[in-house]
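No value in this document is a laboratory result; all are computed from the given coordinates. Small disclaimer: the values here were computed from a predicted structure and weren't measured. Note: ideal-geometry Cβ built from the backbone for every residue, glycine included; neighbour counts use all protein chains shown.
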Amino acid sequence: MDKKSMIEKAYELAKLQYAELGVDTDAVLKKMEEVVISLHCWQTDDVGGFEKPDATLGGGGIQVTGNYPGKARTIAQMRQDLDKVLALLPGKQRLNLHAIYGEFGGKLVDRDQIGVEHFQGWIDWAKERQMGLDFNATCFSHPKADDGFTLSSKNEENRKFWVEHVKRCRAISAEMGKQLGTPCVHNTWIPDGSKDIPVDRNGHRALLKKSLDEAFATEYPKEHMKDAVESKVFGIGAEAMTVGSHDFYLGYAVKNNKLICLDNGHFHPTEQIGDKISSCLQFVDEVLLHVTRPIRWDSDHVVTLNDEIQLIASEIVRNNFLPRVKIGLDFFDASINRIGAYVVGTRAAQQAFMIGLLEPTAAIKVYEEKGKNFERLAMLELMKTRAFGAVWDYYCLVNNVPTGGDFIAEIQKYEADVLQKR
């Protein structure tokens, strides 16, 4: 029996196994079309960007470890790598760009001067692939951020510079969404904070609120762009106080109807953002996810199929939140093959959502509501032994991408043919 036939046979058996629990696997495969993941462009080049040749950005809590051969050093190489990644992933994806990834023609274009013309190439690239784009202002690794403050800076010249940068990024986002016919989510994260104990926390937070109000003053159609704001507990060099805390941004998002961005590396290690989703969605229309794998803290390891990721996916699926949650990735590992990091991390996130969709939630919820907690626990444990892998392989098969571990050899060949020759 050939491999294709084995996968199809295994799927038919799994289909019967899940049907016994009241789960329609064919319907699950159809539902997976709604799981659209926004790939973070910065995994291709270690958050370097293209403001200047061979850029290696740092500061503001951004730290990439490793120097594995094959880093993308031009936009052409970056797009080549992204196309390879997309060819190895089932389902639908988007691309999430930072403002430093524009096509600047070898000229230094400061961040308060960028425009849609610097990203038209990306819009055209995305249009050819029938995918959407998301966008981020880049408020770090710049001389005007060297004192640790951007939108909350007490240096008025610097503060205005960053306000203008965010304004321009929002305008670019709106044009991306307009041309591509799908809303572009623009996310604002800043590294602002203090390494040691500050006295005037309130002053910086008042300035941040003022800056956001100014930067967000222009309203764009929601079918073109949506704003998100992203919090953090602390950053490198901002251990004592982070201006844009979760409390600050959650309040701002609720008051101004913005998306709150939940990055599961940006909280205390014992916090689970899967538990925050249903709370936030009581008060905001939508949530943006940055899915990563923190080890002890915001270390941005490649996503794996672990309990934390599974809780995030299950909470979204159980509550029919997929239309209200924008899923993005945020990790950057330069210690391993970067293409491999993309594929392993994205597939892990997709698998978590498939497992959530394969759960007989309604039946388990009946146990819960009747106080039958042993039965609830037993069912949750039972689901861990079901033939999920057979459904996943079939999903890959019908999407014409490598099944099982076949993508490993594909990436090894790409490394030999392309990455090692850079």
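Structure values in brief
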quantity	calculated
Where only C-alpha atoms are counted, convex hull volume of the chain per residue in Å³	143
Debye, to nearest 20: dipole size of the stretch 276-422, +1 on Lys, Arg Cβ, -1 on Asp, Glu Cβ	100
Qualifying trypsin sites (Lys or Arg not before Pro) in the stretch 352-403, DSSP loop, other Cβ atoms within 10 Å at most 12	Lys370, Lys384
Those lysines that a straight Cα-Cα span of less than 17 Å connects to Lys52, excepting residues fewer than 8 apart in one chain	Lys71, Lys107, Lys144
Cleavage-rule hits, trypsin sites (Lys or Arg not before Pro), the stretch 79-175, DSSP coil, Cβ neighbours within 10 Å at most 10	Lys107
Radius of gyration and maximum dimension Dmax of the stretch 291-351, Cα, Å	12.1, 37
Tilt relative to the chain, helix 388-398 - C-alpha long axis, 0 to 90 degrees, to 10	70
Sparsely packed GluC sites (Glu not before Pro) within the stretch 184-234, loop by DSSP, other Cβ within 10 Å at most 15	Glu219, Glu223
Relative contact order for the chain, counting Cα pairs under 8 Å that sit 6 or more residues apart, in percent	20
Residue-span extension gain [Glu8 to Ala362] - 0.36 nm each, minus C-alpha spacing	124.7 nm
GNM top mover of Ser299, Ser211, Ser278 - the chain, alpha-carbon springs below 10 Å	Ser278
Total lysine pairs whose alpha carbons fall under 30 Å of each other in the stretch 298-422 (8 or more apart, or interchain)	6
Residue pairs, from the table Lys30/Lys258; Lys167/Lys222; Lys84/Lys226, whose Cα atoms sit over 18 Å apart	Lys30/Lys258; Lys84/Lys226
Rough spin-label spacing in nm, given labels placed 7 Å along Cα→Cβ, for Val254 and Ala409	5.5
Gain on full stretching of the segment that runs from Asp285 to Lys30 - 0.36 nm per residue minus C-alpha separation	89.3 nm
Cα-based reach from Lys31 at 17 Å (exclusive), listing aspartates and glutamates while leaving out same-chain residues under 8 positions away	Glu315, Glu359, Asp393
Helical contribution to [θ] at 222 nm, DSSP H n ≥ 4, -39,500 (n - 2.57), averaged over the chain, rounded to 500	-13000 deg cm²/dmol
In range of the label at Gln113: residues from the stretch 140-164 whose backbone nitrogen is under 16 Å from the point 7 Å along Cα→Cβ	143-144, 161-162, 164
Förster radius 22 Å - calculated FRET efficiency between Arg318 and Glu271 (Cβ-Cβ, nearest 0.05)	0.65
Glu219/Gln17 FRET efficiency (R0 41 Å; Cβ-Cβ; nearest 0.05)	0.20
Cα gyration tensor shape of the stretch 310-416, rounded if a/c is under 1.5, else prolate or oblate by comparing a/b with b/c	prolate
With Cα atoms, 0 to 90° folded angle of helix 373-383 axis to the chain main axis	90
Dipole in debye (nearest 20) - the stretch 34-357, about Cα centre, beta carbon charges: Lys, Arg +1; Asp, Glu -1	380
